[in-house]
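Single-structure report; data block below.
The values are calculated or read from the model by the stated rules, or taken from the named source; none is laboratory data. In this text, all values refer to a predicted model and were calculated from it rather than measured experimentally. Cβ placement follows ideal geometry from the backbone for every residue including glycine, while neighbour counts extend to all protein chains displayed. Side chains are part of the model used for accessible areas, which takes the heavy atoms of the whole protein and leaves out ligands, DNA and RNA. Shrake-Rupley method; radii C 1.70, N 1.55, O 1.52, S 1.80 Å.
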Amino acid sequence: MPYDAAMIGVFDSGLGGLGVLADIRRLQPRADLVALADQAHAPYGDRPPESVAAWTHAAADHLVGLGCDTVVVACNTASTVALASLRAARPDIAFVGMEPAVKPAAGSTGTGVIAVLGTTRTIEGPLLASVVQRFGAGHRVLPIALPGLVDLIEDGLVDGEAAGRLLSARLAPALEAGADTYVLACTHYGFARHRIEEVVGAATVIDPAEAVARQALRVHPEAAAGGGTLRLLT
Ligand code: DGL
């Protein structure tokens with residue numbers, strides 16, 4: 001039977017989207033996937049929102065042009081600044097975005113203190129404020145930006161000393177405050193999870209990548225009839 005279903009596109013500034021991509025592939029090996037990393041402009045986390053929005057729209061247009069009718073914005077920074085305008089611009093395309101996982105964190109914390117780790121743009125952005133307002137009631141939510149960590153991950157230096165120093169310094173206030181749940185609100189940070197766990201010990205680390213992958217497959221059930229192709233673009 002000829003196969004002509006549209007593909008799922010996965011977009012990030014860089015390597016972070018590969019975590020979500022891998023989860024989609026694992027959950028549905030037949031999905032036809034295209035991943036696009038905008039490494040010409042990465043990292044996005046400290047760049048002006050207007051620039052991030054323009055790059056994100058250009059990337060989405062590129063993926064749609066390749067035949068994607070579902071686009072996963074596998075970047076919290078890009079989701080924060082551009083998800084709403086993407087949906088408004090292309091109502092014919094299903095956009096799946098990232099959202100800081102404060103809701104599951106609120107359900108699992110014992111101390112009531114939750115740390116949310118993200119880029120500067122995500123930590124200061126309206127999306128985090130909105131989920132904290134909706135799901136964080138009765139809890140103490142500590143937003144923590146980790147500028148520099150994405151660069152170390154992009155450069156393959158996540159296992160080096162600089163990453164350890166950065167995490168020890170930036171996470172110390174959360175440890176002191178009694179945070180027992182750490183939300184990864186940057187898709188790159190999944191690749192630093194083992195380093196974060198070295199610092200936070202037995203605390204719970206929540207990575208929403210798999211939940212987002214499941215959502216992508218829910219809105220794109222045709223993936224089950226795909227050919228299992230994969231294109232990686234940068
Ligand atoms: N992986 C992205 C995120 O989730 C982008 C990080 C960056 O480019 O600074 O925010």
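Structure values in brief
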read-out	value
Scan of the stretch 19-44 for residues that are near the ligand (Cβ under 10 Å from one of its atoms) and farther than 12 Å from Thr77 by Cβ, ordered by number	Gly19, Val20, Ala37, Gln39
Options Val131, Val102, Val150, Val141: the member that is among the aliphatic types (A, V, I, L, M) and more than 27 Å from Thr70 (Cα to Cα)	Val141
Residue identified as touching a residue at least 24 places away in the same chain (Cβ under 8 Å), buried (at least 21 other Cβ atoms within 10 Å of the Cβ) and not in a helix (DSSP H, G or I) among Tyr182, Tyr189	Tyr182
Of the criteria (1) open to solvent by 20 Å² or more (accessible area, probe 1.4 Å); (2) under 13 Å from Ala203 (Cα atoms), which one Arg165 fails	(2)
Top-ranked residue of the stretch 138-154 - restricted to ones that are within 15 Å of Tyr44 (Cα to Cα) and charged (D, E, K, R), ranked as surrounded by the fewest Cβ atoms within 10 Å (Cβ to Cβ)	Asp151
Residues satisfying the stated conditions in the stretch 192-229, i.e. surrounded by fewer than 18 Cβ atoms within 10 Å (Cβ to Cβ) and within 14 Å of the ligand (Cβ to nearest atom)	Arg193
Cβ pairs under 9 Å, 6+ apart, first in the stretch 74-94 and closer than 24 Å to Gln39 by Cβ and open to solvent by less than 20 Å² (accessible area, probe 1.4 Å), second assigned to a loop (DSSP other than H, G, I, E, B) and away from the ligand (no atom under 16 Å from the Cβ)	Leu86/Ile93
Which listed residue is within 16 Å of the ligand (Cβ to nearest atom) and within 23 Å of Gly190 (Cα to Cα), from Thr77, Thr109	Thr77
Whichever residue in the stretch 112-137 is surrounded by 21 or more Cβ atoms within 10 Å (Cβ to Cβ) and outside any helix (DSSP H, G or I) and, among such residues, is farthest from the ligand (Cβ to nearest atom)	Ile114
Tabulated pairs, the stretch 141-161, first at positive phi, second part of a helix (DSSP H, G or I), C-beta under 6 angstrom, 6+ apart or interchain	Gly148/Leu166
